C-alpha cells in the first residue's frame, strides 16, 4: 500500500488515528507521516514484532526517534538472512508520494531473537505500548502458540483479529476475561481498512491511549466490532 492511498482511505472512512506496523520493520513510517501532513490524520510509529516464540506483538511509539531506537535493536536480533523476492516478494521502501526509494535486502518475515518478556521490557523502556497482536489467530497468535497470557509482565491490552467479536473471543478463551481487549484491522490491503477501536482521548499520544485503555482520568475506549 502506498502512503497517499493509505491516508486517502483513512480520510474516506473517517479514521483519524492510524499506526504503521510493518513486520519487524519501520522504514516506511516517515513517508506515511509526511503524506498525512495537513490531513488531520495522526500516524503513530509502530512495528509488528515477531518474538522468538513466533508470537506477533504490536509495538507503538510517539516519535520517529523512539522507533529508530527500537529498530536498531531489532536489527541486531534478526538473523542475517537475505530476502529471496521470488519466494517472499519484494520488500520496498517508498517516499511520501509512493515512489520507489530502495529495497530492504534482509528477510523480514522471520522471528527475532527477542523473547516476549525481553520485547516487553524494551518497548516499556523506550516509552511505548506493547500489545500482543491477533491473539486468537492460529498463525502467530499468543493464545494459539502459548495457550496463556504471561502473568509476569503487566500487559496493557490484547488485540483480537477482525474476524471475531470481543464477546465471542472471551467465550472461546476464558483465560483472557480479565484483560482489556482492542480490535484492529491488521490491514494489508486498502479493502481491509477499518476502524474498530474508538479512543476517547484529549490527544493522539501513547500516554493518552494508555489512560483510555486503563479507563483513567475520564479517558475511555470501546470496540465497534464489525463481527
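The values are calculated or read from the model by the stated rules, or taken from the named source; none is laboratory data. Please read all numbers here as calculations on a predicted model, not as lab measurements. So basically every Cβ, Gly included, is an ideal-geometry build from the backbone, and we count neighbours across all protein chains shown.
What number of residues within the range 6-23 are surrounded by fewer than 23 Cβ atoms within 10 Å (Cβ to Cβ) and out of contact with any helix residue (DSSP H, G or I) (no Cβ under 6 Å at 6 or more places or on another chain)? The number of residues fulfilling the criteria is 11.
For the range 70-99, residues that are surrounded by 12 or more Cβ atoms within 10 Å (Cβ to Cβ) and within 23 Å of residue 35 (Cβ to Cβ) total 9. Of all the listed residues (32, 57, 43), the sole one being over 25 Å from residue 4 (Cα atoms), modelled with pLDDT of 95 or more and surrounded by 14 or more Cβ atoms within 10 Å (Cβ to Cβ) is 57. In a residue-by-residue description of the range 151-172, the property of being closer than 22 Å to residue 12 by Cα, in contact with a helix residue (DSSP H, G or I) (Cβ under 8 Å, 6 or more places away or on another chain) and crowded, with 17+ Cβ neighbours inside 10 Å applies to at least one position.
Checking residue 122 against (1) farther than 30 Å from residue 175 by Cα; (2) assigned to a helix (DSSP H, G or I), only one condition comes out false. Which one? Unmet condition: (1). Of the strands (runs of 3 or more DSSP E) contained entirely in the range 1-113, those carrying at least 3 residues that are within 21 Å of residue 123 (Cβ to Cβ) fall at 17-20, 42-50, 56-60.
Within the range 36-45, the only residue that satisfies the criterion of being in contact (Cβ under 8 Å) with a residue 60 or more places away in the chain and either out of contact with any strand residue (DSSP E or B) (no Cβ under 8 Å at 6 or more places or on another chain) or closer than 24 Å to residue 114 by Cβ (or both) is 44. Where helices (runs of 4 or more DSSP H) fall wholly inside the range 136-218, the ranges with 2 or more residues that are touching a residue at least 60 places away in the same chain (Cβ under 8 Å) and under 16 Å from the mean Cα position of the chain (by Cα) are 206-214. Restricting attention to the range 204-220, the residues that are touching a strand residue (DSSP E or B) at 6+ places or on another chain (Cβ under 9 Å) and within 17 Å of residue 46 (Cβ to Cβ) total 8.
Residues in the range 125-135 that are buried (at least 17 other Cβ atoms within 10 Å of the Cβ) and assigned to a loop (DSSP other than H, G, I, E, B): 128, 133, 134, 135.
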